[in-house]
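First comes the structure, then the notes that go with it.
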Amino acid sequence: MAEHSTSDDPHHFEFDLDRGIRTQVVEKLESSPLLPLTGRTGSNASGIYALYFKGRLVYIGKASRGTTKSKRTLRARLAEHAAKIGERHNITVADMKCRYLTFTSEWWVFAAEFALMTHYRPEWNESGFGSKVPGIGRPGTHRVSKWNLLFPKR
């Protein structure tokens, strides 16, 4: 009997857990309220968030109290972004909106962030925006990030 791939076998089934997570988290995020980005926006829990610049989704991030040294909450992380944007040219906090979701399990925070990043592929996620080291790009490099070129410090 000849061997065949599992994709050709009409009796073989694989659960697509990635698709299930992605579908649910995208649906829930898109049905959550779009809020102004301020220093008081967000929950004191762990979760994921999406940032919108002039109505366009540009960044997906997470705040994980239980798995990071900083113990950042969603509110703290969103406040950091609002402060960073407030120090820049070519952008204002008024240009920004956000959505967020909270999770009890820290594992789901990571899974949801990955699902949203692969679904949306937001342009700021690889621009240097989320870096905790402002202005100079990643530590150990002399490269100036794309985000810092678009929105230089005041």
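The values are calculated or read from the model by the stated rules, or taken from the named source; none is laboratory data. This structure is a prediction, so every number in the text was calculated from the model and none was measured. Don't worry about glycine lacking a Cβ; one is built from the backbone with ideal geometry, like all the others, and counts go over all protein chains shown.
Couple of notes before you dig in:
- Among the residues of the range 48-78, the ones that are within 22 Å of residue 150 (Cβ to Cβ) and either under 14 Å from the mean Cα position of the chain (by Cα) or not basic (Lys, Arg) (or both) come to 14 in all.
- In the range 11-34, residue farthest from the chain's Cα centre (by Cα) [restricted to those that are free of Cβ contacts under 8 Å to residues at least 24 places away in the same chain and assigned to a loop (DSSP other than H, G, I, E, B)]: 11
- Filtered by the rule that a residue be farther than 12 Å from residue 151 by Cβ and surrounded by fewer than 18 Cβ atoms within 10 Å (Cβ to Cβ), the range 81-92 gives a lone residue, 83.
- Residue within the range 41-54 that is on the phi > 0 side of the Ramachandran plot, charged (D, E, K, R) and touching an Asp or Glu at 6+ places or on another chain (Cβ under 6 Å) present: yes
- Boolean, residue 67 is within 16 Å of residue 110 (Cβ to Cβ) and either out of contact with any Ser or Thr (no Cβ under 9 Å at 6 or more places or on another chain) or hydroxyl-bearing (Ser, Thr, Tyr) (or both): yes
- Residues of the range 63-73 satisfying the condition of being under 19 Å from residue 32 (Cβ atoms) and either at pLDDT 95 or above or of a type in the set (S, T, N, Q) (or both): 64, 73
- Whichever residue in the range 105-151 is modelled with pLDDT of 80 or more and among the aliphatic types (A, V, I, L, M) and, among such residues, is surrounded by the fewest Cβ atoms within 10 Å (Cβ to Cβ): 149
- All positions within the range 41-62 that are crowded, with 18+ Cβ neighbours inside 10 Å, farther than 14 Å from residue 115 by Cβ and not hydrophobic (A, V, I, L, M, F, W, C): 41, 42, 46, 52, 59
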